[in-house]
Amino acid sequence: MTKQVLIINVTRMGDLIQTGPLLSRLREEWPDVAIDLVVDCSFAPTAALLTGLRQVISYDFTRLLDDCRTQSKSLVTLMQEMTAWAVPLREAGYDRIVNLTFNHQTGLLASYIGAPDLRGITAGPDGSPIVQNPWLSYFTDLHRHRRFNRFNLVDLYAMGGSGPGAFSPLSVTVPADGRAWADVFLQSQDRTARRWVAVQAGASDVMKAWRPEYFGRTMARLSRHPDVGFVMIGTAAEAESIELAKSTYRANGGAVPILDASGQTTLNQLVGLLSRCQLLLTNDTGPMHLAVGVGTPVIDLSVGHVDHYETGPYGPGHWVILPDLACSPCGFDQICAHHACKDRLIPEEVATLCLHAIGLAPFPSWSTGVRVYQSGADADGLGSFILRAGHVDAGVAWYATFWRRFWYEDFTGKPSQLTSNSEPAPDHDHALAWIKETVQPLRRLEQHAQHIAELTRRHPLPVSILQREQVLLRREREELLTRMMAHSATSPATVAMIRDIHNDDAVGLTMLADRHVMAYRRWQQRIARTRKFLSAVPVRIEKRQRPLPMVQNAAAG
């Protein structure tokens, strides 16, 4: 019998494009699978660009969320409207639902439609949101340990919605009408044969947008090469940024006419235009993922709260430039008064990388204060980034490599094909001493939780004793949590434990108590595995004094 999967993804253009490898992975898992996709009405045209879908199902989720925020209708009324619309989906009998929109409303929707296999945000027995699947739980808590994260959102979607498999690139269909429009647009305005560089100087969030005047300076430097032409893209809302980039371009000697398609293209036309360009220079935007999907190389200027490991261009053939600052990337809830990260990226150096990306110059030299990465795919079939210029903190690099392998093996039950750390952690002695110190407190927590689970099985239920024991357990846990979160060797596993504790989908006090016992046991086991690895890596005194790793002027491979 054909398997049926429903994916719920209702937020942004980029998120939709990034589900493409999940569709491929599902077809690898079940070759005859029928996949339906629920989207917001505004993103139905974007969803139509994806391949491998049986149908795209749209609903006005924007209105629903706005009404929830403004309380113009009661939550009960809104949920009644949504569930009435979803009756055919409930009757379809899906084998799996993958909810990739992490809010309460879609969690209720996923649980209402129902399936034997629910993944992502769902509703618990009391209606509160819970997260099903370890990969999607990891994604939910990513902000708490993003220093060490090396999983792209694309892979978290694919692994969480399906499982491990062969690498699959982003891929979107280039509509014939869009391609034809792009050809006419380029030829009618400038018939000179050129290497077209698309430029998006704006973004939906000013925090993640490089300064428009820097785009203008970059284009001016590029225009010295006679074979390069420019196409501005973006929405009408980005007109001010685009005009500033263009005026700066002219003020800095830019002589090549700029083709401006911003605010003029349909989605199909934008996709066609990107497919005809040799490069896209951009902030982290939805069109960036469209360009990746049509095979156009991207240079991603990663500033503000953007972390390229999470949302950078996926798969081989792209570049990321980002500032080397202690505060970068900043938190999503932070308001920055200086935006100094944007000034670290030098337009003239960005221009030279653009020329290198389109085959017109060697890999450039770089000033201090930036890092440059080349995108790729690793031995586990996941997206990756290779440092080509700049330096990284030795401790962050070591633990990022360690946790990348750790979570892959923990969540899949399969050995990672990546090479493990052969050098000891920079804080090896301190980390090992700390983990040894945690052995007894962790064991006591599990024993205490086990005692509470045993109390829940007594008749009559000893309510006052249970309440007292739960208070004591919570106090023990909170005292240990602060210290566990402060150490690179224990904080990611601790974040996972907190999620396990708060995923309260258990029915009944005893089941809930048993779930907590298992959460504390997994925490112990993960910390024990960390200790085992740290103990196994040979300590070489002479190598522990090395300076931070540096990469400069690396040849592109």
Ile121 meets each of (1) within 26 Å of the chain's Cα centre (by Cα); (2) on the phi < 0 side of the Ramachandran plot; (3) surrounded by fewer than 21 Cβ atoms within 10 Å (Cβ to Cβ) with one exception, condition (3)
Here is a list of conditions, (1) touching a Leu at 6+ places or on another chain (Cβ under 8 Å); (2) farther than 16 Å from Phe385 by Cα; (3) among the aliphatic types (A, V, I, L, M), and Ala326 meets all of them except one; can you say which number that is?
(1)
Please work out which one of (1) over 27 Å from the mean Cα position of the chain (by Cα); (2) at pLDDT below 95 is the condition Ala453 fails and give its number.
(2)
Test Leu418 against the criterion of being of a type in the set (A, V, I, L, M), outside the structural domain of Asn149 (by TED's automatic domain parsing) and closer than 24 Å to Met159 by Cβ, and give yes or no.
yes
Every residue from the stretch 246-258 that is modelled with pLDDT of 95 or more and either surrounded by 19 or more Cβ atoms within 10 Å (Cβ to Cβ) or aromatic (Phe, Trp, Tyr) (or both)
Lys246, Thr248, Tyr249
Does Gly52 satisfy the condition of being under 25 Å from the mean Cα position of the chain (by Cα), on the phi > 0 side of the Ramachandran plot and not hydroxyl-bearing (Ser, Thr, Tyr)?
yes
Just one listed residue, out of Thr248, Thr235, is under 21 Å from Gly286 (Cβ atoms), hydroxyl-bearing (Ser, Thr, Tyr), out of contact with any strand residue (DSSP E or B) (no Cβ under 7 Å at 6 or more places or on another chain) and without any contact (Cβ under 8 Å) to a residue 60 or more places away in the chain, and it is Thr235
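For residues that are part of a loop (DSSP other than H, G, I, E, B) and touching a Ser or Thr at 6+ places or on another chain (Cβ under 8 Å), scanning just the stretch 284-303, find the one that is nearest to Arg195 (Cα to Cα).
In this case the residue turns out to be Thr296.
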Name the residues in the stretch 346-376 that are crowded, with 18+ Cβ neighbours inside 10 Å and over 13 Å from Arg221 (Cβ atoms), would you?
Ala357, Ile358, Phe363, Trp366, Val370, Arg371, Val372, Tyr373, Gln374, Ser375
Segments classed as strands (runs of 3 or more DSSP E), wholly inside the stretch 1-111, with at least 1 members that are crowded, with 22+ Cβ neighbours inside 10 Å and not assigned by TED's automatic domain parsing to the domain that holds Val292:
4-8, 34-40, 96-99
Name the residue that is nearest to Trp398 (Cα to Cα), counting only residues in the stretch 415-428 that are surrounded by fewer than 14 Cβ atoms within 10 Å (Cβ to Cβ) and modelled with pLDDT of 95 or more.
Gln417
Let me spell it out: the conditions are (1) closer than 26 Å to Arg405 by Cα; (2) buried (at least 19 other Cβ atoms within 10 Å of the Cβ); (3) in the same structural domain as Val98 (by TED's automatic domain parsing), and Asp141 meets all of them except one. Which number is the exception?
(2)
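The values are calculated or read from the model by the stated rules, or taken from the named source; none is laboratory data. Every value quoted in this text rests on a predicted model; they were computed, and no experiment measured them. Cβ sites come from the backbone with ideal geometry, for glycine too, and all protein chains shown count toward neighbours.
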